[in-house]
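*Asks:* The structure is given below, and queries will be raised subsequently.
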Amino acid sequence: QLVESGGGSVQPGGSLRLSCAPSGGFSSLYAMAWYRQDPRKQRERELVASITLNDRTTYTDSVKGRFTISRDDDTNTVYLQMDSLKPEDTAVYYCSFQTTMQNYWGQGTQVTVSS
């Protein structure tokens with residue numbers, strides 16, 4: 001099980017830090033990621049950022065230079081630092097732990113960027 005925290009409401013230009021902590025161990029874990037989905041739009045869940053166990057990171061173009069994904073090797077907690085937030089970043093954010101068998105998902109945390 002993955003437990004997310006850190007969502008909320010913020011004005012444009014503000015910052016939030018999301019956390020995702022596992023409640024147990026995961027076999028064959030190879031990457032963690034953050035996705036987002038805006039329920040107001042008819043779009044699939046979007047990959048925002050990912051990080052492998054050797055700390056290789058990827059970002060979707062719209063967040064490059066603003067968001068930073070990181071992880072704690074001791075606790076397997078994954079973080080998403082979000083700076084210079086924009087209204088179009090508004091969405092439900094989901095963390096995902098990716099193993100060779102399946103992907104595990106958090107429950108989602110709402111991020112709202114509005115003036």
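Please treat every number below as a calculation from the coordinates, not as lab data. Keep in mind it's a predicted model, so treat the numbers as computed, not measured. As a convention, Cβ positions derive from the backbone with ideal geometry for all residues, glycine included, and neighbour counts pool all protein chains shown.
*Asks:* From the phi of every residue in segment 36-42, what ³J(HN,Hα) in whole Hz does the Karplus formula 6.51 cos²θ - 1.76 cosθ + 1.60 yield, where θ is phi - 60° and glycine or proline is x?
*Replies:* Whole-Hz 3J(HN,Hα) from phi for segment 36-42: 9, 8, 9, x, 6, 10, 8.
*Asks:* In what sequence, highest mean first, do 102-111, 36-45 appear when ranked by Cβ atoms within 10 angstrom?
*Replies:* The densest-packed peptide leads the list: 102-111, 36-45.
*Asks:* For segment 13-26, take each phi angle, set θ = phi - 60°, evaluate the Karplus expression 6.51 cos²θ - 1.76 cosθ + 1.60, and give the result in whole Hz per residue in order, putting x for glycine and proline.
*Replies:* Residue by residue, segment 13-26 yields x, x, 10, 9, 10, 8, 10, 9, 10, x, 8, x, x, 10 Hz.
*Asks:* Placing one identical point scatterer on every Cα of the chain and ignoring solvent, what is log10 I(q)/I(0) from the Debye formula at q = 0.16, 0.17, 0.21, 0.22 Å⁻¹?
*Replies:* Here the Debye-derived log intensity ratios amount to -0.68, -0.77, -1.16, -1.26.
*Asks:* Amide H to amide H under 5 Å from residue 71: which residues, 5+ apart in sequence or cross-chain, H placed 1.01 Å off N in plane?
*Replies:* Those qualifying (amide H under 5 Å, at least 5 residues apart or on another chain) are 79.
*Asks:* Now for a different question. Can you give the net charge of the other residues whose Cβ lies under 13 Å from the Cβ of residue 30, counting K and R as +1 and D and E as -1?
*Replies:* That works out to +1.
*Asks:* Same structure, new question: Mind ordering 75-85, 25-35, 4-14 by average Cβ neighbours within 10 Å, highest first?
*Replies:* Top to bottom by mean Cβ count within 10 Å: 75-85, 25-35, 4-14.
*Asks:* Can you give the relative contact order of segment 25-85 as a percent, counting alpha carbon pairs under 8 Å and 6+ residues apart?
*Replies:* 23 percent
*Asks:* While we're here: Output ³J(HN,Hα) for segment 102-115: one whole-Hz value per residue in order, computed from phi by the Karplus curve 6.51 cos²θ - 1.76 cosθ + 1.60 with θ = phi - 60°, and x for Gly and Pro.
*Replies:* 6, 9, 10, 10, x, 7, x, 9, 7, 10, 10, 10, 7, 8
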